[in-house]
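Just so it is clear, none of the values below were taken in a lab; they were calculated from the coordinates. Because the structure is a prediction, the values reported are computed rather than measured. Every residue, glycine among them, receives a Cβ derived from its backbone with ideal geometry; neighbour counts consider all protein chains shown.
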Amino acid sequence: MTIQFAGAMAPSQSLAVADRLESFCATAEFDRPTLVIDVDRVESQYHALKAGLGHADIHYAVKANPHPAILRRLAQLGAHFDAASRGEIEMCLAAGAMPGDISYGNTIKRVPDIAWAHAHGITLFAADAEEELEKIATHAPGASVYIRVIVEVSMADWPLTRKFGCDRDTALKLLDYAKALGLTPLGFSFHVGSQTRKAEMWSPTLDAVAQLWADAKDAGHELTLLNIGGGFPAFYGEEIQAPTDYAAGVMAMVTERFGHIPRIMAEPGRGLVAEAGMIVAEVVLTSRKSDRDLHRWVYLSIGRFSGLAETEGEAIRYQFTTSHDGEPTGPCIVAGPSCDSADVLYEKRPMNLPLALKAGDRVLIRNTGAYTSTYSSVCFNGFPPLDVVAI
Ligand SMILES: *Cc1c(COP(=O)(O)O)cnc(C)c1O
């Protein structure tokens, strides 16, 4: 298997970074599956996105990877943060972020956590329901809020449609209700869906939100904030648009539809950190279920419960590198090590892996800096959670 990068990426930079991660991983010894994070790569990706996003503020979606080294570097660079819980807010503050630069973006917040955030200087909250606004008004009086709206159509590889947001009429009512409760409603937020590979795929979502924006203005609301959420992609083998192009493309589409907006927030998670990470794991077993079996089974030391949760539905297809790359390959069903039959990573679309692969061989899994370490179970079946090393 050769290493392929999306056509639009700067190949020299990508290769240099891959070399750096790879040479570290090649020489280091790990006694369990380990995610290696190159913090300089996070920084270069931050600059690349920022170059396209212009005056929009980057609020890093902490849930993608809350490693302290990442949060500290981003805080030093002047990034803002989107936190989903008290725990994430605490991690941002510990990394040096200012409370005014942290938004509490989860629409589902416990009352004690709202009160705690308010007491620690957090002033910007998301909501998508009356009851949430009431909780915020009581426990963070006078706070600013934005209303999260539902995205009906998503072209994302990992859509986030149903759980969050409210429809158009509810969103308009919530602006009024927030005001009546003494809060300051600033505008709307949405999420186009995670891993939306091209800027043009944002178009139906932006059309719908722009219509809502116009309706709210017609209803007399003064809107100053648009939170465009995340969705910025990482390279997993299918072509993606390069980060600066992508971000600039999205911003051009926003300007075209909304005109000038005083404050725009973008919340990249995956697009900021995924390509800065590589997991080092190993093959535990290779087998065939019968002499007639066309597929081999390859069991890895890492699986669905120990970091590769986004293989659910085979949605995210990671790229594997082994020391046998370049040798003949065959279709393999790839599975994790635990005693749970859901711990199969790729079966509907098997992976082509080298036929020579055997127990003990090292496997590198590329672009795994996002949604891996924190999706790792604490100790299911006695397997330790994914270890993380920052270089
Ligand atoms: C998860 C999340 C993000 C990050 O999404 P990515 O697709 O990883 O960029 C941004 N905003 C909110 C509100 C989220 O829940």
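Overview of values
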| quantity | calculated |
| --- | --- |
| Nearby lysines by direct alpha-carbon distance to residue 135 (threshold 29 angstrom, same-chain neighbours under 8 apart not counted) | 63, 109, 163, 173, 179, 217 |
| Packing-based order for 380-388, 276-284, using average beta carbon neighbours within 10 Å, highest first | 276-284, 380-388 |
| Shape of segment 320-362, Cα gyration tensor, a/c cut at 1.5 | oblate |
| Cα-based shape type of segment 197-249, given that a ≥ b ≥ c are square roots of the gyration tensor eigenvalues and the cut on a/c is 1.5 | prolate |
| Cα gyration tensor shape of segment 39-273, rounded if a/c is under 1.5, else prolate or oblate by comparing a/b with b/c | oblate |
| Kirkwood hydrodynamic radius of segment 50-178, Cα pairs, Å | 15.5 Å |
| Karplus-derived HN-Hα couplings along segment 336-342 (A = 6.51, B = -1.76, C = 1.60, θ = phi - 60°), whole Hz, x at Gly and Pro | x, x, 7, 8, 10, 5, 6 |
| Equivalent ellipsoid semi-axes - Cα gyration tensor, segment 275-390, angstrom | 22, 16, 13 |
| Calculated on alpha-carbon atoms, Rg and Dmax of segment 223-270 in Å | 12.1, 40 |
| The chain, relative contact order [Cα under 8 Å, separation at least 6], % | 20 percent |
| Cβ crowding within 10 Å averaged over residues, with 344-350, 185-191, 333-339 ranked highest first | 185-191, 333-339, 344-350 |
| Normalised alpha carbon radius of gyration of segment 234-339 [divisor 2.2 N^0.38 Å] | 1.53 |
| Protection-proxy order for peptides 254-264, 53-63, each taking the mean of Cβ atoms within 10 Å per residue, highest first | 53-63, 254-264 |
